[in-house]
1. Quick one: which residue in Arg117, Arg175 is closer than 21 Å to Ser70 by Cα and modelled with pLDDT under 95?
2. Return yes or no: is Ala98 in a strand (DSSP E or B) and either touching a residue at least 24 places away in the same chain (Cβ under 8 Å) or touching an Asp or Glu at 6+ places or on another chain (Cβ under 9 Å) (or both)?
3. Among the residues of segment 1-26, what is the count of those that are in contact (Cβ under 8 Å) with a residue 24 or more places away in the chain, open to solvent by 70 Å² or more (accessible area, probe 1.4 Å) and small (Gly, Ala, Ser)?
4. Which of the residues that make up segment 144-156 are on the phi < 0 side of the Ramachandran plot and either surrounded by 15 or more Cβ atoms within 10 Å (Cβ to Cβ) or in contact (Cβ under 8 Å) with a residue 24 or more places away in the chain (or both)?
5. Could you please let me know if Val69 is in contact (Cβ under 8 Å) with a residue 24 or more places away in the chain, open to solvent by less than 10 Å² (accessible area, probe 1.4 Å) and touching a Ser or Thr at 6+ places or on another chain (Cβ under 8 Å)?
6. Output the number of the condition that Asp85 fails; it satisfies all remaining conditions of (1) within 16 Å of the chain's Cα centre (by Cα); (2) over 20 Å from Leu2 (Cβ atoms).
7. When only residues in segment 105-142 that are over 17 Å from Trp56 (Cα atoms) and among the hydroxyl-bearing types (Ser, Thr, Tyr) count, which is most open to solvent (accessible area, probe 1.4 Å)?
8. Identify all residues within segment 32-53 that are within 15 Å of Leu71 (Cβ to Cβ) and in a loop (DSSP other than H, G, I, E, B); write none if there are none.
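The values are calculated or read from the model by the stated rules, or taken from the named source; none is laboratory data. Just so you know, these numbers come straight off a predicted model, no measurement behind them. Using ideal geometry, Cβ is built from the backbone for each residue, glycine included, and neighbour counts are taken over all protein chains shown. These area figures cover heavy atoms from the full protein model, side chains too; ligands, DNA and RNA do not enter into them. Shrake-Rupley method; radii C 1.70, N 1.55, O 1.52, S 1.80 Å.
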Amino acid sequence: PLADGGMVLPLHFELGKHFPVFAWFSANGEFQGIQRLVHINHVLQPAVVAMNATHWLAYMRSLPPYEKVSLISSTDAGIHWSSHDELSMSNQNSAVAALLLPTYGVVMARNPLERARSLLVMHHSEDGLAWTAPQTLADGSTGSEYSYPSLSWVDDRLWISYTHLRQGIAWQRWRTEPAVKAKP
């Protein structure tokens, strides 16, 4: 939600080229327009985190041959965006999810490039830039798939959902403690 009661919905354009966009809506839910985040054609599916009312970060899936989570930032509530160096976390053609938690900083779920989608991990960051070592959410054999993570904060718990073997949706509920690792 925006300060004026409006809403921003992160989307991506995937018709020939790939790039992240926002759809803007008024406080009444009226469509206000679409805005491209950056002019990079190898990223999609932005996972946007509002660090505060004006400072936003967006983590994105990288398409081949790129192999890292991409990052852009805004200091004016998403009106203008700046590119950053890719994060040190591997990623190639797999969705990432990120969420700012009330007392715990930012969490991110992703599939590491080294294991493709047979491994789903989660990281924590105080500032959204420096990340902890991964914690395993789902681990399977070659050919297994745990992908398209989604993160929500409900009832003072972190809820994580993801596709499970392309046959269903799995979910986990984690409790968090400030400055302490999440616990299942």
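1. Values: Arg175 fails: closer than 21 Å to Ser70 by Cα.
Unique residue meeting the criteria: Arg117.
2. Yes.
3. 1
4. Listed by number, the residues that qualify are Ser144, Glu145, Tyr146, Ser147, Pro149, Ser150, Leu151, Ser152, Trp153.
5. On the way: in contact (Cβ under 8 Å) with a residue 24 or more places away in the chain: yes; open to solvent by less than 10 Å² (accessible area, probe 1.4 Å): yes; touching a Ser or Thr at 6+ places or on another chain (Cβ under 8 Å): yes.
Yes: the conditions hold for Val69.
6. Here Asp85 meets the rest and fails (1).
7. By that ranking, first place goes to Thr142.
8. Once the filter is applied, which keeps residues that are within 15 Å of Leu71 (Cβ to Cβ) and in a loop (DSSP other than H, G, I, E, B), segment 32-53 yields Leu37, Val38, Ile40, Met51.
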